Amino acid sequence: MHRSTGLSFPEPFILRWGGCDRARTQAVVDGHSSSPGDATPRLQYLLEPLHTAVHTQRGATATLPCVLRALPRNYRVKWSKVEPANYGENVIIITNGLYHKNYGPLSPRVRLRHSHRYDASLTITDVTLEDEGRYRCQLVNGLEDESVSLTLHLEGVVFPYQPINGRYRFNYHEAKRACEQQDARLATYQQLYKAWMEGLDWCNAGWVLDGTVHYPIINSREPCGGRLLLPGIRSYGAKDKQRDRFDAFCFTSALQGEVYFIRGHLNFKEAGQACRNHGATIAKVGQLYSAWKFLGLDRCDGGWLADGSVRYPITTPRQRCGGLPEPGVRSFGFPSKELRTYGTYCFVGT
């Protein structure tokens, strides 16, 4: 809650500009400081941050550093978040050192750290998937405005996703909704690139958050750009968000709950009831990937998930569990919900 004052702040607006404890741990900071040879103007009032990237997980508390070396007269500090999908910048909080006002959907979960009178660092509690991205701390001081940019990175996992009716069915907006329905969000290009570096190899092109389309290739092969192309991220560039159709690359982070397996010969309806009998729900695809990535879930049993697909997570590859040499979440696709029987993966929140 901000303190009630006679101080006048502008209404929220968008600027256009170019360019561990799993549940409640403090974010770990990582990055690089600027070098003396940088071409950017030297900051007069804001300290250059030692690290420009903050690493955290969903559900944690993260602090983005912004500290003043001196307090100019009649100044304000404005925090905002860059939104790559619309090339905009949404205001989060404005302070004059004594009072502050919060804006937008982040409002209930943000505060100024204010550990001393020069500290304008931004603390975000109960970090969500949507919080990842680039933030700007701007000192507003007449003609001497200054700013520093920082990036909040969530530790997570990227997974390709397509619907029951086959590949290349999503326009951009449908892909975005599909990821959200699976306890995930559309991955950023940076997240997809990191996943490729960690071994993601997928031949179907998919949307990422900024509206571009890509697919990651580790093993070059004919159906995936040809054998002569080096491994890398194949790119289709920006596509029409309404008309063009591809798969989706989704991103999820640490679970706020538990995924477990119920053995049985269950059709899809019976699987849902089995989870409800245990006070749980059928796990979503993103929840299974998160349990595999962060909790080491390893089972050789195919089980129903909420979208009607059947999958199983493998941490330790072995011959009788798909035969593939790499860890991963294996898929049986979308079997008949009435005629096929499997176990089920359930999710219960904390």
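Right, residue 198: of a type outside the set (A, V, I, L, M, F, W, C) and over 20 Å from residue 235 (Cβ atoms) or not?
No; evaluated as a whole, the condition is false for this residue.
Is it true that residue 297 is in contact with a helix residue (DSSP H, G or I) (Cβ under 8 Å, 6 or more places away or on another chain), in the same structural domain as residue 182 (by the TED database) and among the aliphatic types (A, V, I, L, M)?
Values: in contact with a helix residue (DSSP H, G or I) (Cβ under 8 Å, 6 or more places away or on another chain): yes; in the same structural domain as residue 182 (by the TED database): no; among the aliphatic types (A, V, I, L, M): yes.
When the stated conditions are applied, residue 297 does not pass them.
State all residues of segment 134-155 that are open to solvent by 20 Å² or more (accessible area, probe 1.4 Å), under 15 Å from the mean Cα position of the chain (by Cα) and not polar (S, T, N, Q); if no residue qualifies, say none.
Result: 134, 153, 155.
For segment 17-60, which positions are out of contact with any helix residue (DSSP H, G or I) (no Cβ under 8 Å at 6 or more places or on another chain), modelled with pLDDT under 50 and either assigned by the TED database to the domain that holds residue 79 or among the basic types (Lys, Arg) (or both)?
Residue satisfying the conditions is 24 alone.
Out of the residues in segment 302-340 meeting the condition of being in a strand (DSSP E or B) and under 16 Å from residue 165 (Cα atoms), tell me which one is least open to solvent (accessible area, probe 1.4 Å). Don't jump to the end; show me each part of the working.
Of segment 302-340, the ones in a strand (DSSP E or B) are 303-304, 310-314, 328-331.
With the extra rule that they be under 16 Å from residue 165 (Cα atoms), the set shrinks to 310, 331.
Numbers: 310: 0, 331: 67 Å².
Once the filter is applied, the top-ranked residue is 310.
Is there a residue being polar (S, T, N, Q), within 24 Å of residue 305 (Cα to Cα) and touching a strand residue (DSSP E or B) at 6+ places or on another chain (Cβ under 9 Å) anywhere in segment 148-162?
yes
If residue 348 satisfies every condition in (1) exposed (fewer than 12 other Cβ atoms within 10 Å of the Cβ); (2) part of a strand (DSSP E or B); (3) β-branched (Val, Ile, Thr) but one, which is the exception?
Failed condition: (1).
State all residues of segment 42-62 that are more than 17 Å from the chain's Cα centre (by Cα) and open to solvent by 10 Å² or more (accessible area, probe 1.4 Å); if no residue qualifies, say none.
42, 43, 44, 45, 47, 48, 49, 50, 51, 52
Find the residue count for segment 63-76, including only residues that are open to solvent by 70 Å² or more (accessible area, probe 1.4 Å) and touching a helix residue (DSSP H, G or I) at 6+ places or on another chain (Cβ under 9 Å).
1
Enumerate the pairs (first residue in segment 132-147 and of a type in the set (Lys, Arg); second residue anywhere and assigned to a strand (DSSP E or B)) with beta-carbon separation below 7 Å, excluding pairs fewer than 6 apart on the same chain, so at least 6 apart or on different chains.
134/82; 134/149; 134/151; 136/80; 136/82; 136/89; 136/147; 136/149
Within segment 113-123, is there a residue that is more than 20 Å from the chain's Cα centre (by Cα) and assigned by the TED database to the domain that holds residue 239?
There is no residue in segment 113-123 that is more than 20 Å from the chain's Cα centre (by Cα) and assigned by the TED database to the domain that holds residue 239.
Within segment 61-90, can you find the residues that are modelled with pLDDT of 95 or more and β-branched (Val, Ile, Thr)?
If the condition is that a residue be modelled with pLDDT of 95 or more and β-branched (Val, Ile, Thr), then 61, 63, 67, 77 are the ones that fit.
Matching residues to (1) part of a strand (DSSP E or B); (2) open to solvent by 20 Å² or more (accessible area, probe 1.4 Å):
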{"site": "78", "(1), (2)": "yes, yes"}
{"site": "94", "(1), (2)": "yes, no"}
{"site": "105", "(1), (2)": "no, yes"}
{"site": "123", "(1), (2)": "yes, no"}
{"site": "164", "(1), (2)": "no, yes"}
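With the condition kept exactly as written, say whether any residue in segment 275-290 is open to solvent by 20 Å² or more (accessible area, probe 1.4 Å) and closer than 25 Å to residue 209 by Cβ.
yes
Here's the yes/no breakdown for (1) of a type in the set (Ser, Thr, Tyr); (2) under 20 Å from residue 196 (Cα atoms):
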position	(1), (2)
287	no, no
302	no, no
311	no, no
315	yes, yes
318	no, no
324	no, yes
329	no, yes
343	no, no
347	no, no
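Any idea which of 282, 314 is within 30 Å of residue 132 (Cβ to Cβ) and in contact with an Asp or Glu (Cβ under 7 Å, 6 or more places away or on another chain)?
From the options 282, 314, the qualifying one is 314.
For a quick check of your reading of the model, give me the residue pairs whose first member lies in segment 256-277 and is closer than 16 Å to residue 308 by Cα, whose second is open to solvent by 100 Å² or more (accessible area, probe 1.4 Å), with beta-carbon atoms closer than 6 Å and at least 6 apart or on different chains.
Hits for this filter: 267/338.
The values are calculated or read from the model by the stated rules, or taken from the named source; none is laboratory data. Small disclaimer: the values here were computed from a predicted structure and weren't measured. With ideal geometry, Cβ positions are generated from the backbone for all residues, glycine too; neighbour counts draw on all protein chains shown. Keep in mind that these areas ignore ligands, DNA and RNA; they rest on the heavy atoms of the full protein, side chains included. Shrake-Rupley method; radii C 1.70, N 1.55, O 1.52, S 1.80 Å.
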